[in-house]
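The values are calculated or read from the model by the stated rules, or taken from the named source; none is laboratory data. Please read all numbers here as calculations on a predicted model, not as lab measurements. Every residue, glycine among them, receives a Cβ derived from its backbone with ideal geometry; neighbour counts consider all protein chains shown.
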Amino acid sequence: MGAQLIDGKAIAAAKRQAMKTRIESMKAQGFVPGLAVILVGENPASMSYVKGKIRDCKEVGIYSELIRFPETVTEERLLAEIDKLNEDKTIHGILVQLPLPSQISEQKVIQAIRPEKDVDGFHPINVGRLVTKQEGFVSCTPAGIIEMLKAIDVPVAGKHVVVVGRSNIVGKPASLLFLNLDATVTICHSKTKPLSKYTQQADILVAAVGREALIHAEDIKPGAIVIDVGMNRNAAGKLVGDVAFEEVKEKAGFITPVPGGVGPMTRVMLLENTLLAADRQNKKG
Ligand code: NDP
C-alpha cells in the first residue's frame, strides 16, 4: 500500500477521551452538557444512527434525551416539542434525525431549532455564518473532515481541494470550510463533465456522492489526499465508500477507509458541537 491510512476511528477515540476530562471539569462546576435527539418513526438506519449518538453521549458523560414520535406525528406536535426544548436549560443541543415523513417540512423543523442549539449546523443562520466566516455551528461531517486533516498535520491553505458532491449537509459546507481555510476549491456534481478532469487536479479530493467505486486510481493525482465520505452497500452487502479503495490506495498519499474513516469523525463532531453549544450557553448564562 502506497498511501498512509487516516484512521478516523482512532482520531475520534482520542477526541472522545479528551472530551471526558473536559466534561468532568464542567461537571465539577455543577454544569452538565445536554443533547436532545428527536426520532420520528422506525426507519432502521435512523434508529441505528440515533442509538449510536446516545451511546456516544453516555460514553463521554453528556446528558442525553431520546424523544420518539410515531411516523404519523403532526408537524405541529413536532414543532411544539422543539419549542419546549429551545426553552429547556438542561438541553444545549437539539438534533432531529432526518429524513422526516412527508407530512412534515424538514426546513420548518430545522428552522424551528434555535440556532444556538443547532448542533447539526443545518439552520440557515448557521449556514450563513459559515458563508460569512462567523462563529456558528458547522455540519458534523465537513467539520470531521477538517479535524482529520489537522490530526495528520496537513495544512490546507493554498491546496487545490476538489469536492465531489454539493449537498447541503456535506459537499457545500465542506467546500466553504476549505475556502475559509484558504484552499482553492472546485465543486463537482452530477453535471460535471468529465469528472476526472477535475479530480485529477486535486491535492485533496473529497468524494461525497453515494456511488460505489466512482473514483478510480486513474482519477487522482499521485500523492493526493483522498477523503471518502460515501457510504454504500456493495453487491455482497459490505459497507464501501465512493472510492475504489484497493487501487486508489496504491497511488494516493493519504486515504480514509470505509468504514473507520469519516463516519466516526462525523459522530464525534456531534459531541464536539454539543460541548461548544453548552460552553457558549453557559457563558451567556
Ligand atoms: P446527496 O445524495 O444529498 O448528494 C450527492 C451529491 O453527489 C449530489 O450533489 C450529486 O450531484 C452528486 N453526484 C451524484 N452522482 C454524481 C456523479 N456521477 N458524479 C459527480 N457527482 C455526482 O448525498 P449526501 O451528500 O447526503 O451524501 C453523500 C454520501 O456520503 C452518501 O453515500 C452518504 O451516505 C454519505 N454520508 C456519509 C456520512 C459519514 O458520516 N460518513 C455522513 C453523510 C453522508 P447533483 O447535486 O447534481 O445531484
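Report yes if Lys84 is in contact with a Ser or Thr (Cβ under 9 Å, 6 or more places away or on another chain), in a helix (DSSP H, G or I) and either closer than 30 Å to Ser25 by Cα or at pLDDT below 95 (or both), otherwise no.
So Lys84 fails the test.
Just give me the residues in the range 39-69 being assigned to a helix (DSSP H, G or I) and free of Cβ contacts under 8 Å to residues at least 40 places away in the same chain, in sequence order.
Passing the criteria: Pro44, Ala45, Met47, Ser48, Lys51, Ile54, Arg55, Lys58.
Within the range 188-218, take every residue that is without any contact (Cβ under 8 Å) to a residue 12 or more places away in the chain and of a type outside the set (Ser, Thr, Tyr) and give me the one that is farthest from the ligand (Cβ to nearest atom).
Lys197
Quick one: is Gly34 under 26 Å from Met265 (Cα atoms) and small (Gly, Ala, Ser)?
It is true that Gly34 is under 26 Å from Met265 (Cα atoms) and small (Gly, Ala, Ser).
Quick check, is Val73 in a helix (DSSP H, G or I) and surrounded by 15 or more Cβ atoms within 10 Å (Cβ to Cβ)?
When the stated conditions are applied, Val73 does not pass them.
Pairs needed: first member in the range 70-95, within 21 Å of Leu35 (Cα to Cα); second member anywhere, part of a helix (DSSP H, G or I) and of a type in the set (Gly, Ala, Ser); C-beta distance under 6 Å; at least 6 residues apart or different chains.
Qualifying pairs under 6 Å: Leu79/Ala112; Ile82/Ala112; His92/Ala277; His92/Ala278; Gly93/Ala277.
Take the range 139-170 and flag every residue that is more than 10 Å from the ligand (Cβ to nearest atom), in contact (Cβ under 8 Å) with a residue 40 or more places away in the chain and within 25 Å of Arg16 (Cα to Cα).
Residues satisfying the conditions are Ala143, Glu147, Met148, Leu149, Ala151, Ile152, Val154, Val156.
In the range 219-249, which residue that is acidic (Asp, Glu) and either more than 9 Å from the ligand (Cβ to nearest atom) or farther than 25 Å from Ala157 by Cβ (or both) is surrounded by the fewest Cβ atoms within 10 Å (Cβ to Cβ)?
That would be Glu246.
Name the residue, out of Arg211, Arg280, that is of a type in the set (Lys, Arg) and closer than 17 Å to Val170 by Cβ.
Answer to the selection: Arg211.
Is it the case that some residue within the range 261-283 is surrounded by 19 or more Cβ atoms within 10 Å (Cβ to Cβ) and free of Cβ contacts under 8 Å to residues at least 60 places away in the same chain?
no
Consider the range 171-187. How many of its residues are more than 15 Å from the ligand (Cβ to nearest atom), in contact with a strand residue (DSSP E or B) (Cβ under 6 Å, 6 or more places away or on another chain) and of a type outside the set (Ser, Thr, Tyr)?
So the answer is 3.
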